[in-house]
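Structure record follows, encoded as structure tokens.
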Amino acid sequence: MTIYDISKKAGVSIATVSRVLNGSSNVKAKTRKKVMDVIEECGYKPNAFARGLGLNSMKTVGLLCADASDLYLAKAIYFIERNLRESGYNSILCCTGYEIESRKNSLNLLLSQHVDSVIMVGSNFLMNKQEDNRYIIDAAASVPIMLLNADFDCPNVYCTLCDDYKATSDVTEKMIESGVKDILYLYNSKSYSGQKKLAGFQNALLTGDIPLRKELIQCFNGSREDIDGVKDFVQKLYDKGIRFDGIVTSEDFLAVGAMNFAKANKIKVPGELQIIGYNNSILAHCSEPNISSVDNRLEDMCIQLVKTLTGTLSGSEMPQKTIFSGELIKRGSTKF
């Protein structure tokens, strides 16, 4: 019997059950009696660590990250840990890799440490097949689960994300409006976020009455550190006779590789080729000209995620989904 079972049986939210267990005065007498009757009927007893309920809390939060060498994920961890410390919480980090069994094992390890909550950093923890997300649902029956940049509708799961679909669609539309017609889309991930970005790009082309061309939508499967590999990847497309006057990418490292391709072929940027990155990372400043890039509000997302987490653990009603809008940071690689 878990707090999730109690809330379901009593017909109230998990936060309400938490407030009753905490002795909060912000609960109607009738509701309190209903919850306490269910607790007594089921013989429910919160464990000694009172996971996520604020009772003798361990003040520790588990972090799951697929790859801490990824610039985006590493920065997210930095922002989250900083805000957790400021809120009086410690953290335990597990780097899981991308295999689902490793993710499950790491999640179970954190739960065995009686953490108050688990934060899943990055959209890759959300799988395409619904049955593969069962491990998240099961964990949420014990502690609040926080997802960064993913959207998953489940009790006791809280999502903080950027609208990657709209952000990518908007910048692609702006590129089209500037006169670009043949746009190469470079991406490297089929994660939740990756799929939203791709769909946003395709939507912009359809809106602009531009046909979708398979050869202009390309996935780079190499390492995020292999910028030369990206350059060579684009070069091979060019050598096959595929031409483009714009490149939209799903991450900044792809945009840097595209910029290096342009330089090697003496293609003027932005005069002959416009390039847009994504994440607005330090990499956007690592070429000449600097790269226009979408700022997906990572720091703001991490601040909000921790605020939602601490509010939930204190028994407050918090939004289960918070969505931020991306913003194009204009630099020298675009005309607009």
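The values are calculated or read from the model by the stated rules, or taken from the named source; none is laboratory data. Here the structure is a predicted model, which means the values were calculated and not measured. Neighbour counts are summed over all protein chains in view; Cβ atoms, including those assigned to glycine, are modelled from backbone coordinates with ideal geometry. Only protein heavy atoms, including side chains, enter the accessible area calculation; ligands, DNA and RNA are left aside. Shrake-Rupley method; radii C 1.70, N 1.55, O 1.52, S 1.80 Å.
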Residue match in segment 329-336 (condition: of a type in the set (S, T, N, Q), open to solvent by less than 40 Å² (accessible area, probe 1.4 Å) and either under 24 Å from residue 76 (Cα atoms) or touching a strand residue (DSSP E or B) at 6+ places or on another chain (Cβ under 9 Å) (or both)): yes
Flag if residue 126 is in contact with a strand residue (DSSP E or B) (Cβ under 8 Å, 6 or more places away or on another chain) and surrounded by fewer than 17 Cβ atoms within 10 Å (Cβ to Cβ): no
Odd one out for residue 203 among (1) surrounded by fewer than 18 Cβ atoms within 10 Å (Cβ to Cβ); (2) outside any helix (DSSP H, G or I); (3) of a type outside the set (A, V, I, L, M, F, W, C): (2)
Matching residues in segment 259-300 - criterion: being of a type outside the set (A, V, I, L, M), crowded, with 20+ Cβ neighbours inside 10 Å and out of contact with any strand residue (DSSP E or B) (no Cβ under 6 Å at 6 or more places or on another chain): 261, 270, 279, 281, 287
Filter result for residue 186 (without any contact (Cβ under 8 Å) to a residue 40 or more places away in the chain, assigned to a strand (DSSP E or B) and touching a strand residue (DSSP E or B) at 6+ places or on another chain (Cβ under 7 Å)): no
Subset of segment 219-255 [open to solvent by less than 40 Å² (accessible area, probe 1.4 Å) and within 22 Å of the chain's Cα centre (by Cα)]: 219, 220, 222, 248, 249, 250, 251, 252, 253, 254, 255
Segment 101-123 - residue that is out of contact with any Phe, Trp or Tyr (no Cβ under 8 Å at 6 or more places or on another chain), within 28 Å of residue 88 (Cβ to Cβ) and not polar (S, T, N, Q) and, of those, most open to solvent (accessible area, probe 1.4 Å): 109
Any hit, segment 74-84, residues being open to solvent by less than 50 Å² (accessible area, probe 1.4 Å) and over 19 Å from residue 302 (Cα atoms): no
Residue ID - modelled with the highest pLDDT, chosen from residues in segment 152-201 that are farther than 25 Å from residue 270 by Cα and of a type in the set (Asp, Glu): 163
Among (1) of a type outside the set (Gly, Ala, Ser); (2) open to solvent by 50 Å² or more (accessible area, probe 1.4 Å); (3) touching a helix residue (DSSP H, G or I) at 6+ places or on another chain (Cβ under 9 Å); (4) outside any helix (DSSP H, G or I) - the single one residue 181 does not satisfy: (3)
